[in-house]
Protein chains: 2
Amino acid sequence: MPVNDDTAGVIKSADRLFQIVETLKDLDGATVTELSDHLDLPPSTTHRYLKTLHQQGYVDKRNGEYHLGLKFLDIGGYVRHSKPVRREIKPTVRELAQETNEAASFIMEHRGLGVFVYRETSESGVNTEVRLGKRSSLHLSSGGKAILANLPEERIEDILDHHGLPQKTTQSIQDREELLTELEEIRERGYAIARSEHTDGVNSVGAPVRLSDGTVLGAITIVGPAFRMQGERLTEELPPLLLGKINEFVLNFSHS
Amino acid sequence: MPVNDDTAGVIKSADRLFQIVETLKDLDGATVTELSDHLDLPPSTTHRYLKTLHQQGYVDKRNGEYHLGLKFLDIGGYVRHSKPVRREIKPTVRELAQETNEAASFIMEHRGLGVFVYRETSESGVNTEVRLGKRSSLHLSSGGKAILANLPEERIEDILDHHGLPQKTTQSIQDREELLTELEEIRERGYAIARSEHTDGVNSVGAPVRLSDGTVLGAITIVGPAFRMQGERLTEELPPLLLGKINEFVLNFSHS
DNA sequence: ATTTTAGATTCCGTTTTGTGGAATTGAATC
DNA sequence: GATTCAATTCCACAAAACGGAATCTAAAAT
């Protein structure tokens, strides 16, 4: 896990600030003491940060516990909508969900992880209650693998070095060589498949959204329960549908 | 506009950090120079903050321009879902949207402004493209007025002093006394109505969600085009429906 | 190809600002 | 009313942020 040693010329209090915000998120709210224990900081310091955060509206205080505030909702909402990508991709994802009667989603790569940017569920689609903004390792999902396969080799190595291959189910890919081989196949085929690799009993097909200049915007995946997502449907029927829709999207997107 | 003089014991760099984040949001991305001009900071300082933000993944750099990063999406998503309120209120809002065939939403008060926390649109419902997390003055909407009416008098004064009465349409309430009188009526009646006060041609009914201890969680509103939202429907039919649903919700919510 | 220029980035001595231990306040619990 | 545990405030000191100036980079102009 090589970490950038670019820790020079950076504002330390800002780093701490984010540490606190992130811990507050992980602990789902906390008191001063809990936080200072977790971060190994004196309570006075912790308190000063919380006070600052509170005054700015980024943290709320509810009977002694501090919680992340609604202001993050504001910024988060902005980020989601500001991405032209999202606005554009929406109809495509929706159509896929409707036509397949499964769930469809769009994910983007950010700092080596996959981020759920948009999701559409049809009536019968699985509702894996994936939060928008949720991050997870790229090797665990078809969309993630599709993205990974289309990054420069060097980038792939970096990401794998940095994040490793955390396991979520017994089917998760464990071996780096195995993954690299599969990525090669995905590159040739143009799409990826995942069978219970992220969640047991859930399969998916995913394909990259690549712009004309070769940039990978992200990936679209169709996700469903294993009993429906199998056999010919999974390997013959859905991939062309997905690739067709993505192609359509890319054409529209480029000359706008 | 009295501002807290509690600027003591607070971390200055954190304040600046958020200034930068917020400016980045307002400008929808900016270069170092643009930012330092806007904030009247030396470029070196501005740059240091951006570098920090970037290193943490909260800001992305795309050909010289800095933009808020997807990590805010992550936190924003957390905040939305972490609120037990939201999870609980969802079904109620959805039912209202379906039964009335209009749009319904849930808003909360935060620092004197209304924040859209959740919204559900039915087929024929207006789609006022309100972003979740969007903030606006309380006096402009029925939900906002419903919340305002149920805050302690002192709090109301504070909020009005602080935010004033910005106008959005010719129908927006302009006069403080007029507003206070209306709030009094709302308190008695139990619900509020807004006619083109926020957006021309859009009316709404809103009512507060109050817990048994008197705390106001927020308000639910039913929003629709003026031509459908008028006459008896607006004043006789919808209010009892709304109040009934909210009452149902509060009962469920309290013993859980 | 060469120069010019505007902006991004790094450097470094100065001084402001954050730090954390200790003191104080507040609010539960016995 | 006393006790205890956590939140909050205080303050002298050390560390870290500051910002002006130097440097680097890349694009525009000649």
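For this structure, a couple of remarks:
- Residue among B:THR7, B:THR23, B:THR46 that is closer than 30 Å to A:GLY9 by Cα and modelled with pLDDT under 90: B:THR7
- Matching residues, region A:158-190, being within 18 Å of the chain's Cα centre (by Cα) and open to solvent by 20 Å² or more (accessible area, probe 1.4 Å): A:ASP158, A:HIS162, A:HIS163, A:GLY164, A:LEU165, A:PRO166, A:GLN167, A:LYS168
- Taken over region A:221-242, residues that are of a type in the set (A, V, I, L, M, F, W, C) and outside any loop (DSSP other than H, G, I, E, B) amount to 6.
- Residues that are surrounded by 13 or more Cβ atoms within 10 Å (Cβ to Cβ) and within 12 Å of another protein chain (Cβ to nearest Cβ) were ranked within region A:24-45; the one that is farthest from the chain's Cα centre (by Cα) is A:THR45.
- Here B:SER82 does not qualify as hydroxyl-bearing (Ser, Thr, Tyr) and within 12 Å of DNA strand D (Cβ to nearest atom).
- Unmet criterion (only one of (1) outside the structural domain of B:LEU217 (by TED's automatic domain parsing); (2) over 21 Å from A:PHE72 (Cα atoms)) for B:THR92: (1)
- If the condition is being among the β-branched types (Val, Ile, Thr) and at the interface with chain B (Cβ under 10 Å from one of its Cβ atoms), then region A:60-115 contributes A:ILE75, A:VAL79, A:VAL115.
The values are calculated or read from the model by the stated rules, or taken from the named source; none is laboratory data. Computed from a prediction, not measured in an experiment: that's the story for all the values here. Neighbour counts run over all protein chains shown; Cβ positions are idealised from the backbone, glycine included. Note: areas computed on protein heavy atoms with side chains; ligands, DNA, RNA excluded. Shrake-Rupley method; radii C 1.70, N 1.55, O 1.52, S 1.80 Å.
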